[in-house]
Structures are given as C-alpha cells and as structure tokens.
Amino acid sequence: MTTGRRAALQAVVWGGYVLISLGMLASFQPVSPSFVFVMVALGGLLWLASEGLRALALRQAWLDVGTRGLLLRLALLPPLAAVAVQATLYGINSLGLALGLLSFPRGMPNGLGVLLGYTINTTILLWLWLAVWVGVQTLSRWRLGEIAKWQAEAAARELELQVLRAQINPHFLFNALNNLRALINEDPARAREMVSRLSNTLRHTLQHSAKDRVPLADELAVVRDYVALEQLHHEERLQVQWQIDAGAVEAQVPPMLLQLLVENAIKHGIARTPGGGVVDIAITRHGAMLNIAVSNPGSWAPVPGAPTSTGLGLVHLRERLARAGGAGAGCRIEPADGRVKVSVQLSA
C-alpha cells in the first residue's frame, strides 16, 4: 500500500473514531470546544501510536519470529503505547488548563482510576488495530506466496518443455540435415518431400509443446513425418507397424508424448540392434481412457532402487502424466521375448 493510501485509511479510521466518540458524548452532555480539541488530539495520538507500532513491526519483522514471539509482542507493546498516548494527552490537558486555553465542567471524574480506564480503552483500540493489520499482512503474504508458487510451477513447466525440445532436436536435426544433403543430388523430389516433413516436425515441436493438450490426430501426423525422416537415416533397418483405433484419433494428449515414445524406441531399440527391426505403435481407446503402446527390439532390466525409465524423456513424461494425464494416468515398461514395450495410459 502506498504512503498516501495508508494515510487516507488512517485518517478515516481514527477520524471516524473521533466523530463517533463525540457523537456518543453529545448524547448525554453538551460538547464544548475543549472536548472537541481533546478528542482530536487523542485521534492524532492514536494515529501516531498505530503508525509507530506498524513501523516497529516491519523493522523487527514480527511476522517472521513465530507465533509465540508474535503473540508476546502483540500482548506487551500496545499497552505500552497506550500508556504513552494517555501520558501525552494528560500533559496536553494539564498545559491547556494552566494556560487557560482549555476548560472542563466541574465535577468531571478524574484521578488515577479514570486515567487507568482510559489507558485500558486505548490499549483495546490499539490491539484491535494491530490485529487487523497483522491479519491483512498475513493474507497478503499468503497471496504473494501462492503467486510465487504458481510462477515457480509455470517456470518449471516451461523449463521441462525446453528440456524436451532440446533433447529431441539436436541429434535428430543433425542427422536429418546430413541425410537431406546427400539426398538432394540423388533424388531431388524426395529431398523436397523430406524438407517439408522436417519443417512440419520442427513447427510442431516449437508450437504445440507450449500447450497442455493437442489432438492425437496432430501428433500422429507429425510422428509419421518424424518416422519418415528417421527411415531416411536408418533405411531398411527401421520398419514401423501402426495399429490405431478409429475412435482414438479425436482424443487429446499431452504434446510430444507419442513422439517421445517413438524416439525412445528408435534410439534405444533400432539404433542398438544389429539389423534393426520393427517398431510397433498401437493406440486404443476404452471409454474415457486412451492406451498407447510402443514396442521395439532390445532388452531392458530394471535397476533396483532406480526409476523404471530408459531415458530422460520418459522421466519427464511420467511427471507430465502425473500432472496433466488425469485420473489413472501412468507409464510402465515391460520387457518380453527380445522386445521392450512402453505403455502409457491417460484420460482422453
């Protein structure tokens, strides 16, 4: 809150207190200029006391000292401030009476008991003011903490997507460009086709990875382009079999999910297997759940105590499924008969 807004709010609070007090006083006795002066002086002193407590709380970081330390300060310091307010007001009244500037009706209650009562009332006012201020500050801190948490989560998500983009692009792009260079002289028409496929793949990586979900049909289109480019590199060593349910293509999936699975299968299966092999891609839909299974030749055995993943991409994939895959989402790896199958289940 700016200084001007805080001053305006303080003026409203303590000015309102003065007006209410004068109104209550006027209901049972005439209000003289001396009473008005004393009440305005009291309002001003309460303003100064509350501002002093606020400044002290900020300087000593009361909200950081723990509940016990905060309650101790709230219990002790407002009464001390109230004593200072009433002592100052008593001095002002005494000086005004001595100089003949103030006058009060005879028979007005006075003495130590009255002063103690005024001090208790002032203490209660300062307690209430400080309790409201602490509550507002705590709520503001909580809101700022929530905003900071959301910003951190968004930054982590963006960093995760950048990691995925960086993981896929460099080696794939390097191989694709080298293969295209060799293909330009051998088969210009096919080279032009592969350039278009590479453009589609990169555009998808850059644009769709910023979204939470994309149509499976879009993912399938870009994966077909990706596979065609990888077949340019691996030639006959890479074969792909597709089994896609017609009802699954309208499903929504996290971006780059299928591409990650296929890239993982080629990198850890085809590239490491003499003679290559077949990558099977099967996508089925059962009600609200989508099942994606990608298998490749090779072997895999889980390491005790280690995450069941064959690469960094699947680690991030599991995190994204936990966050955006819906209820029942998960990823598992199953080795069998000289092949490794990675299965993903998520809400469509």
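The values are calculated or read from the model by the stated rules, or taken from the named source; none is laboratory data. For clarity, every value in this text was computed on a predicted model and none was experimentally measured. In this analysis, Cβ positions are derived from the backbone assuming ideal geometry, glycine residues included, and neighbour counts consider all displayed protein chains.
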| request: Considering each of ARG5, ARG54 in turn, give the residue that is among the basic types (Lys, Arg), touching a residue at least 40 places away in the same chain (Cβ under 8 Å) and on the phi < 0 side of the Ramachandran plot. | output: ARG54
| Going through segment 299-348 one residue at a time, which ones are at pLDDT below 65, loosely packed, with under 13 Cβ neighbours inside 10 Å and small (Gly, Ala, Ser)? | GLY305, ALA306
| Among (1) over 34 Å from the mean Cα position of the chain (by Cα); (2) modelled with pLDDT under 90, where does ILE244 come up short? | (2)
| remark: Restricting segment 264-279 to residues that are touching a residue at least 40 places away in the same chain (Cβ under 8 Å) and not in a helix (DSSP H, G or I), the one nearest to VAL342 (Cα to Cα) turns out to be VAL279
| Residue in segment 44-51 that is aromatic (Phe, Trp, Tyr), modelled with pLDDT of 90 or more and surrounded by 13 or more Cβ atoms within 10 Å (Cβ to Cβ) present | yes
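Tell me, which residue of segment 175-203 that is out of contact with any helix residue (DSSP H, G or I) (no Cβ under 7 Å at 6 or more places or on another chain) and among the aliphatic types (A, V, I, L, M) is nearest to GLU263 (Cα to Cα)?
Quick first cut of segment 175-203, residues out of contact with any helix residue (DSSP H, G or I) (no Cβ under 7 Å at 6 or more places or on another chain) only: 177-178, 181-182, 185-189, 192-193, 196, 199, 202-203.
Narrowing the set further to residues that are among the aliphatic types (A, V, I, L, M) leaves 177, 182, 189, 202.
Values: LEU177: 17, ALA182: 23, ALA189: 26, LEU202: 14 Å.
Residue satisfying both the conditions and the ranking: LEU202.
Filter segment 62-78 down to the residues that are buried (at least 16 other Cβ atoms within 10 Å of the Cβ) and more than 33 Å from the chain's Cα centre (by Cα) and list them by number.
Scanning segment 62-78 gives LEU77, PRO78.
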| query | Which one of these is over 14 Å from THR123 (Cβ atoms) and surrounded by 12 or more Cβ atoms within 10 Å (Cβ to Cβ): GLN86, GLN10? | reply | GLN10
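Among the candidates ALA82, ALA61, single out the residue that is within 22 Å of VAL132 (Cβ to Cβ) and at pLDDT below 90. First the steps, then the outcome.
Working: ALA82 fails: at pLDDT below 90.
So the residue among ALA82, ALA61 that is within 22 Å of VAL132 (Cβ to Cβ) and at pLDDT below 90 is ALA61.
To keep it simple, each residue is scored yes or no on (1) assigned to a helix (DSSP H, G or I); (2) of a type in the set (Asp, Glu); (3) in contact with a helix residue (DSSP H, G or I) (Cβ under 9 Å, 6 or more places away or on another chain); (4) within 18 Å of ARG54 (Cβ to Cβ).
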position	(1), (2), (3), (4)
ALA82	yes, no, yes, yes
GLY96	yes, no, yes, no
PRO105	no, no, no, no
VAL114	yes, no, no, no
THR122	yes, no, yes, yes
